[in-house]
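The values are calculated or read from the model by the stated rules, or taken from the named source; none is laboratory data. Please read all numbers here as calculations on a predicted model, not as lab measurements. In this analysis, Cβ positions are derived from the backbone assuming ideal geometry, glycine residues included, and neighbour counts consider all displayed protein chains.
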Amino acid sequence: MGNAQQSSSNALGTPSESLQTFNLLDLQQYTLEKSFSSNASKDFHLFYVGRDDVHDVLKHILSRCSVSLYLNMFGFDDDELNSILMAKALDPNITMLITLDSSQAGGVHEKTLLDADKANNLAAFKRVSKMASSFSRLSPFVVLMTA
């Protein structure tokens, strides 16, 4: 697998960067236009895979999680996102639950990532379970702000 190079959207290892001060406008740089419309909602934004840089949106948000992380993904084959998620999983201060579609675990790259993750002593976690997802594959990615 090799080490993933850390991109500028990845704040892993930078404690001053967290979601405690997150503003939805922080993500406008990842849109095609590099800004949101002046009448865009301050509570949510819809990003489109293939149009907007959803990959960097994920790295921006996930690398800044410091309390809890709940995530469902259909497919997963990214070294840098995996590094972010494993750092969060190994942090005892973060509650985390990730579900992946088990039918996607058989791909060559997915298997390589999962095998590398197993080397991180997953037995030390309270519970690791394999869950199949029944979610269909959707193109839009929505970020919601909650109070």
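Every residue, every condition in (1) more than 25 Å from residue 14 (Cα to Cα); (2) charged (D, E, K, R); (3) without any contact (Cβ under 8 Å) to a residue 12 or more places away in the chain, yes or no:
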site: 33; (1), (2), (3): yes, yes, yes
site: 43; (1), (2), (3): yes, yes, no
site: 55; (1), (2), (3): no, no, no
site: 59; (1), (2), (3): no, yes, no
site: 65; (1), (2), (3): no, no, no
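All told, residue 52 meets the bar of being buried (at least 18 other Cβ atoms within 10 Å of the Cβ), at negative phi and of a type in the set (Asp, Glu). Starting from residues that are over 14 Å from the mean Cα position of the chain (by Cα) and among the hydroxyl-bearing types (Ser, Thr, Tyr), keep the ones in the stretch 96-115 and report whichever is modelled with the highest pLDDT. Result: 112.
Apart from one condition, residue 118 fits all of (1) modelled with pLDDT of 95 or more; (2) loosely packed, with under 15 Cβ neighbours inside 10 Å; (3) not hydrophobic (A, V, I, L, M, F, W, C); the exception is (1). If you go through the stretch 1-44 and keep only what is touching a strand residue (DSSP E or B) at 6+ places or on another chain (Cβ under 8 Å) and loosely packed, with under 15 Cβ neighbours inside 10 Å, you end up with 32, 43, 44.
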